[in-house]
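The values are calculated or read from the model by the stated rules, or taken from the named source; none is laboratory data. All values reported here derive from a predicted model rather than from experimental measurement. All Cβ positions, even for glycine, are placed from backbone atoms using ideal geometry, and neighbour counts span all protein chains on display.
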Amino acid sequence: MNIDLMLMMMGCLILIIGVLIGVAFLTLLERKVLGYIQIRKGPNKLGFMGILQPFSDAIKLFSKEQTFPLYSNYLVYYFSPVMGFVMSLLIWMLIPYYFNMISFNLGILFFFCCTGMGVYTVMVAGWSSNSNYALLGGLRAVAQTISYEVSLSLIMMSSILMIMDFNLLKFNEYQNLMWFLILMMPLSLIWLSSSMAETNRTPFDFAEGESELVSGFNIEYSSSGFALIFLAEYSSILFMSMLFVLMYLGGYEMSVLFYLKLSLISFMFVWVRGTLPRYRYDKLMYLAWKTYLPISLNFLMFYLGVKIFFF
């Protein structure tokens, strides 16, 4: 076997392990931050200040009995969380390292392919459970994700216009003097809120609206199925944070600062969850189609004009 290929596979494996550990501690961060926002402690029993809590949760979830509804479409029901988890890890192959990794020239297109596929796993998970609540949650999630993907792709096209490349490494070169956050101010904030909608996070978490849908599309999942859905959601939060840092906060650089920025954006996802109430569903749709879509289209035209006029 070619040594380069082996090194690449090893690099990807280490990356995936790193992502999973990051996801574990992101859940801990979320529970601690939400605890302090609600003036309580959060996990604090296991290890120093609850630092081992994620591992305890993982052992509990994966050792529980796997239940399934009698009338569910069992095979699809069983495999959709696995596929969702695999898709969320596959996107991480995009991370723009300088060595030993897959360097995509068309990385942004790959990202859209993977996020487009991610919709199906939620839809199938909701449908195959054969529960009305799960189906409703799945339908909501699909409508929401598809709506926001349109504006996400248009916003990303503005960024692509700025660098004229699909490679994520190029963002670093173009942000030496000024971050795109300043240059594309309204768009970057729209991207942040759209990525919250894309990852089904508060204030857009209609797929699991506990107040009206019990628990949404994952209601019938327990033990490892639930754990995989959970892991997929949090790894996509981390990935969206990384993408925001790449596109608007100076691109990828081999320094601690990059990871600090990534942690800050991930923290913002948690902060928003602790602060904002859930949006109303029709308002969510209005926001996507009547606000974000026209704004992102107009900005796309504007940046196209800027590119043609100045370059």
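Structure notes:
- Residue within segment 271-290 that is in contact with a Leu (Cβ under 6 Å, 6 or more places away or on another chain) and in contact (Cβ under 8 Å) with a residue 24 or more places away in the chain present: yes
- Verdict on Leu139 being touching an Asp or Glu at 6+ places or on another chain (Cβ under 8 Å) and either among the charged types (D, E, K, R) or part of a helix (DSSP H, G or I) (or both): no
- All of Val19, Val33 fail the test of being within 16 Å of Ile229 (Cα to Cα), among the hydrophobic types (A, V, I, L, M, F, W, C) and assigned to a helix (DSSP H, G or I), apart from Val19.
- Candidate set: segment 263-281, residues that are assigned to a helix (DSSP H, G or I) and more than 17 Å from Leu249 (Cβ to Cβ); chosen: the one modelled with the lowest pLDDT: Tyr281
- Check on Met117, within 15 Å of the chain's Cα centre (by Cα), in contact (Cβ under 8 Å) with a residue 60 or more places away in the chain and closer than 21 Å to Leu228 by Cα: no
- For segment 1-16, filtered to residues that are part of a helix (DSSP H, G or I) and more than 16 Å from Tyr97 (Cα to Cα), the residue that is modelled with the highest pLDDT is Met6.
- Top-ranked residue of segment 41-81 - restricted to ones that are under 22 Å from Asn218 (Cβ atoms), touching a helix residue (DSSP H, G or I) at 6+ places or on another chain (Cβ under 7 Å) and part of a loop (DSSP other than H, G, I, E, B), ranked as modelled with the lowest pLDDT: Ser72
- Listed by first and then second residue, the pairs with beta-carbon distance under 9 Å, at least 6 apart or on different chains, first residue in segment 50-69 and without any contact (Cβ under 8 Å) to a residue 24 or more places away in the chain and within 22 Å of Leu26 (Cβ to Cβ), second of a type in the set (S, T, N, Q) and in a loop (DSSP other than H, G, I, E, B), are Gly50/Asn44.
- Only one of Leu264, Leu257 that is out of contact with any Asp or Glu (no Cβ under 7 Å at 6 or more places or on another chain), surrounded by 12 or more Cβ atoms within 10 Å (Cβ to Cβ) and either under 18 Å from Ser193 (Cβ atoms) or touching a residue at least 40 places away in the same chain (Cβ under 8 Å) (or both): Leu264
- Segment 1-53 - residue that is over 24 Å from Ala232 (Cβ atoms) and among the β-branched types (Val, Ile, Thr) and, of those, surrounded by the most Cβ atoms within 10 Å (Cβ to Cβ): Ile37
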